[in-house]
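Participant: Sharing a structure below in structure tokens format, with a few things to ask.
The values are calculated or read from the model by the stated rules, or taken from the named source; none is laboratory data. Fair warning: this is a prediction, and the values are worked out from it, not measured in the lab. Neighbour counts run over all protein chains shown; Cβ positions are idealised from the backbone, glycine included. These accessible areas exclude ligands, DNA and RNA; they are computed on the full protein's heavy atoms, side chains included. Shrake-Rupley method; radii C 1.70, N 1.55, O 1.52, S 1.80 Å.
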Amino acid sequence: FADDEPFVLSVARLNLDGVVKADGFGYGTDASCQGEGPGGGWGICSSTDPSNGGAHGGDGGYFDPPGNGPALPYGSITEPVTLGSGGGGLSLAGPGGGAIKIIATEEIALNGTITSDGYGGGSSYPSYPSGGGAGGSIWLIAPLISGNGNISVAGGRSLFGADGSGGRMSIDTPQLSS
């Protein structure tokens, strides 16, 4: 995911029976314990106070006090290509999910799994409870999308900090078939 760009796959036909994962390939956490990205979670480096989760498709989870309110949603609902923001906190904060865009000129047969989940925030309990990362983006474009596979852009759960929000997904097709 160079320069915050999505992974893009363009094919005529995709038969996916396996797994495509971009879990944890979004924004991380900076040296001042703040989640990176447009919806980065607020964090504390040297306290037992819990840190906030990253945002993307919704508000990031937060604690108030001591938090500064939730991180706010961003990115397109119809054309999602943005990375999930990182949770706040020390080294155990969860990074956000990456971004996947799949374009097929004929069909996407999805019988496997595509995920772009945020990672959960950890803790060295009772110290440094970190926030979870937000889910990333998945955008599927094809004239026909078939199968009974799974798609997930879930936010990362936190042990003692706040959870990250879910990400964004769009299924752009005139025809769905199972």
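Participant: Given (1) surrounded by 23 or more Cβ atoms within 10 Å (Cβ to Cβ); (2) free of Cβ contacts under 8 Å to residues at least 60 places away in the same chain, where does PRO70 come up short, assuming only one miss?
Facilitator: Tallying (1) surrounded by 23 or more Cβ atoms within 10 Å (Cβ to Cβ); (2) free of Cβ contacts under 8 Å to residues at least 60 places away in the same chain, PRO70 fails exactly one: (1).
Participant: Still on this model: Looking for something more than 12 Å from the chain's Cα centre (by Cα) and under 21 Å from GLY40 (Cα atoms) - is there at least one such residue anywhere in the range 94-104?
Facilitator: No: the range 94-104 contains no residue that is more than 12 Å from the chain's Cα centre (by Cα) and under 21 Å from GLY40 (Cα atoms).
Participant: What are the residues in the range 143-174 that are at negative phi and over 20 Å from the mean Cα position of the chain (by Cα), if any?
Facilitator: PRO143, LEU144, ILE145, SER146, ASN148, THR173, PRO174, listed by residue number.
Participant: Can you name every residue in the range 98-108 that is hydrophobic (A, V, I, L, M, F, W, C) and open to solvent by less than 10 Å² (accessible area, probe 1.4 Å)?
Facilitator: Answer for the range 98-108, where residues must be hydrophobic (A, V, I, L, M, F, W, C) and open to solvent by less than 10 Å² (accessible area, probe 1.4 Å): ALA99, ILE100, ILE102, ALA104, ILE108.
Participant: So which residues in the range 141-178 are closer than 14 Å to ASN111 by Cβ and buried (at least 21 other Cβ atoms within 10 Å of the Cβ)?
Facilitator: Hit for the range 141-178 is ILE145, nothing else.
Participant: Among the residues of the range 37-62, what is the count of those that are closer than 22 Å to GLY26 by Cβ and either open to solvent by 40 Å² or more (accessible area, probe 1.4 Å) or small (Gly, Ala, Ser) (or both)?
Facilitator: Of the residues in the range 37-62, 18 are closer than 22 Å to GLY26 by Cβ and either open to solvent by 40 Å² or more (accessible area, probe 1.4 Å) or small (Gly, Ala, Ser) (or both).
Participant: Sticking with this structure for a sec: Which number in (1) open to solvent by 20 Å² or more (accessible area, probe 1.4 Å); (2) in contact (Cβ under 8 Å) with a residue 24 or more places away in the chain marks the one condition that GLY112 misses?
Facilitator: With respect to (1) open to solvent by 20 Å² or more (accessible area, probe 1.4 Å); (2) in contact (Cβ under 8 Å) with a residue 24 or more places away in the chain, GLY112 is out only on (1).
Participant: I'm checking my understanding of the structure. Among residues of the range 1-23 that are under 30 Å from GLY69 (Cα atoms) and modelled with pLDDT of 95 or more, which one is surrounded by the fewest Cβ atoms within 10 Å (Cβ to Cβ)?
Facilitator: Filtering first and then ranking leaves ASP23.
Participant: Do we have any residue at all in the range 73-90 that's in contact (Cβ under 8 Å) with a residue 40 or more places away in the chain, among the acidic types (Asp, Glu) and surrounded by fewer than 23 Cβ atoms within 10 Å (Cβ to Cβ)?
Facilitator: Within the range 73-90, one or more residues are in contact (Cβ under 8 Å) with a residue 40 or more places away in the chain, among the acidic types (Asp, Glu) and surrounded by fewer than 23 Cβ atoms within 10 Å (Cβ to Cβ).
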